[in-house]
1. Probe 1.4 Å, all protein chains in place: accessible area of Arg50 in Å², nearest 10?
2. What percent does the relative contact order of the chain come to when contacts are Cα pairs within less than 8 Å and at least six residues apart?
3. In terms of solvent-accessible area of protein heavy atoms at a 1.4 angstrom probe, what is the ranking of Leu100, Leu59, Leu15, Leu86, highest value first?
4. For Cα Rg over 2.2 N^0.38 Å, one of [x] 1.01; [y] 1.54; [z] 1.34 was computed from the structure I shared and the rest are decoys. Which label?
5. May I ask you to give the solvent-accessible area per residue for the chain, in square angstrom, as obtained with a 1.4 angstrom probe?
6. Would you kindly derive the ³J(HN,Hα) couplings of segment 70-83 from the backbone phi angles with the Karplus curve 6.51 cos²θ - 1.76 cosθ + 1.60 (θ = phi - 60°), listing them in order in whole Hz, with x for Gly and Pro?
7. Straight-line reach only, C-alpha to C-alpha below 17 angstrom: list the lysines that Lys49 could link to, leaving out same-chain residues fewer than 8 apart.
8. What's the ranking of 89-97, 72-80 by average number of surrounding C-beta atoms within 10 Å, highest first?
Amino acid sequence: MAISKHELEVMNDLLSKGKTIADLVKKYHQYDYWEIYWQVSDYSFLGKKRTITNRLKKLVSTKTQAERQELAAEAQTLLDELYAQLKSNSAKLIEIDRVLRAK
C-alpha cells in the first residue's frame, strides 16, 4: 500500500524531531514497519546513530585506504545531519521555554 504524500511529510517531520520508525508504526497502524522504512526520506536519530556506530566498527577491518575514506565520509555526513537536526530541535525547545515562561 502506497503512503500518501501528506502522511510521508508528517512522518519525515516526526523523524526529524526524534521519533523512531517503530513509533511511526504505532501511530500509523495501516502500514507495516518496512513500508514506512522504505518510503521515508531519512533515518531516525537512533537509525543514524546505529549506522555511524556500524561504520566506525567496520573501519577497523577495512583493507584499503579508499574504503576507509568512504566509510569515514559517510559517518561524517550522518554526524553533520544529526548535529543540524539536534541544533534545530534545541532552538525549538528554547523558543517553547521562552513562550511558556512569558505567561
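1. Surface accessible to solvent at Arg50 totals approximately 140 Å².
2. On the way: 59 pairs, mean separation 24.4, N = 103.
Taking the mean separation of contacting Cα pairs over the length of the chain, I get 24 percent.
3. Values: Leu100 115, Leu59 45, Leu15 0, Leu86 85 Å².
Order by accessible area, largest first: Leu100, Leu86, Leu59, Leu15.
4. Computing Cα Rg over 2.2 N^0.38 Å and matching it to [x] 1.01; [y] 1.54; [z] 1.34 gives [z].
5. Each residue of the chain exposes 73 Å² on average to a 1.4 Å probe.
6. Per residue, the Karplus-derived 3J(HN,Hα) values read 5, 5, 5, 5, 5, 5, 5, 4, 5, 5, 4, 5, 4, 4 Hz.
7. Those lysines meeting the cut-off are Lys17, Lys19, Lys57, Lys58, Lys87.
8. 72-80, 89-97
The values are calculated or read from the model by the stated rules, or taken from the named source; none is laboratory data. This is a predicted model, so every value here is computed, not measured. Using ideal geometry, Cβ is built from the backbone for each residue, glycine included, and neighbour counts are taken over all protein chains shown. Only protein heavy atoms, including side chains, enter the accessible area calculation; ligands, DNA and RNA are left aside. Shrake-Rupley method; radii C 1.70, N 1.55, O 1.52, S 1.80 Å.
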